[in-house]
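The structure under discussion appears below in the form of structure tokens.
The values are calculated or read from the model by the stated rules, or taken from the named source; none is laboratory data. Not measured: the values here are computed from a predicted model. Positions of Cβ are backbone-derived with ideal geometry, glycine not excepted, and every protein chain shown enters the neighbour counts. To get the accessible areas, we keep the full protein, side chains included, count just its heavy atoms, and leave off ligands, DNA and RNA. Shrake-Rupley method; radii C 1.70, N 1.55, O 1.52, S 1.80 Å.
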Amino acid sequence: MVSSISVGRVGVWISHPLVSTDLAAELERLGYGTIWLGSSPGGDLEVVEKLLSATERIVVATGIVNVWKDDAHVIAAAHHRLRERFPGRFLLGIGIGHREATVAYRAPLTVLSEYLDVLDAEGVPVAERIVAALGPKALRLAAERSAGAHPYLVTPAHTRGARAELGPDALLAPEQKVVLDADRDRARERARRVVAGTYLPLVNYRASLKRLGFTDEDLAGAGSDRLMDELVAQPDVATAAARVNGHLDSGADHVAVQVLADSDGDRRAGFQVLADALALPSPR
């Protein structure tokens, strides 16, 4: 399914509590096509509405709504409200979340399918929704029941395989982490704090990384240097831009860049230099 939402070539992935209306306007000015809101924005999607109201063109996507956390009927109603006010500017991303955080966790593809059934019944267009997907079965479900897939914590090699699973027409929008710090050791340490501290303990990400060829040794402890270097583009903007282009060359339609930084100022500086390095189209 071809998405009816024009997400652009490069966007920004960011935890939704970190996004202000001022930052959204700045990202639009820099030429980013989409803001992907992480950390499970949900409910009535008021945060999406505020960002869309503060901007003129940029798309806002959920990356993702957790299907365990938010009722599909409620999310469908929010989608219709946003679609009416901001046509062509909201992409609904949904995902299954993690078994470690959900007591009632059961067969993920079944739960996703049931959620999509409700969205169908509530009239949410297939072309205006996207599914977080990593493995082959989830990718095929994403291609069949949505505009495409939004893989997280992946490499260009995963993007190449995902394109083969999705077919030529589905939207493929992987997330890519970036650390900009001239000190290689410090950059890797920043990467480890996020990758090892948050994601390596989770079963679904470990399984995905093993499918990509990473070994038990790579995943042990705080993760190998190889793992950090392949999952997080660092230490400089040239490496980050090359990684983004690596995803695009491997079949991605769009790359959602997550700048890992300790302050809002450092994140904004990262978005600025990346926009310049990637020659993003901008009304600046």
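Any lysines with Cα under 26 Å of the Lys50 Cα? List them, leaving off those in the same chain fewer than 8 positions away. Within reach: Lys69, Lys177.
Amide hydrogen proximity for Trp36: with H placed 1.01 Å from N in the peptide plane, the residues at 5 or more positions away or on another chain lying under 5 Å are Val12, Trp13, Ile14, Ala61.
For the chain, the relative contact order works out to 22 percent when only alpha carbon pairs closer than 8 Å and six or more residues apart are counted. What does the charge add up to near Ser224, with Lys and Arg as +1, Asp and Glu as -1, over the other residues with Cβ less than 11 Å from its Cβ? So the surrounding residues net to -3.
Here the 3J(HN,Hα) profile of region 169-182, calculated from phi with Karplus coefficients 6.51, -1.76 and 1.60 at θ = phi - 60°, is 9, 5, 6, 10, 10, x, 8, 9, 7, 9, 10, 10, 7, 5 Hz, Gly and Pro shown as x. Select from Val118, Val237, Val12 the residue whose mean-square fluctuation is largest in a Gaussian network model of the chain (Cα-Cα springs shorter than 10 Å). With Cα springs under 10 Å in the chain, the top fluctuation among Val118, Val237, Val12 is at Val118. Residues in region 64-206 average 41 Å² of solvent-accessible surface per residue, probe 1.4 Å, ligands and nucleic acids excluded. Here the relative contact order of region 1-113, from alpha carbon pairs under 8 Å that lie six or more residues apart, stands at 25 percent. Computed extension gain for Ala222 through Arg106, at 0.36 nm per residue and net of the alpha carbon distance, reaches 38.9 nm.
What accessible area per residue comes out for region 1-61, rounded to a whole number of Å², with a 1.4 Å probe?
Accessible area per residue: 36 Å².
Here Arg57 and Leu18 are evaluated by their C-beta separation; at R0 = 22 Å the FRET efficiency comes out at 0.55.
Sparse packing (at most 14 other Cβ atoms within 10 Å of the Cβ) combined with a DSSP loop state is found for the following chymotrypsin sites (Phe, Trp or Tyr not before Pro) in region 79-160: Tyr105. Surface composition of the chain: carbon plus sulfur atoms contribute 52% of the solvent-accessible area (1.4 Å probe, protein chains only, all chains present). When the chain is treated as a Gaussian network with alpha carbon springs shorter than 10 Å, the biggest mean-square fluctuation among Gly265, Gly148, Gly161 belongs to Gly265. Please check: in the Gaussian network model of the chain (C-alpha springs, under 10 Å), which one of Glu114, Glu84, Glu144 has the largest mean-square fluctuation. Result for the chain, Cα springs under 10 Å: Glu84 fluctuates most.
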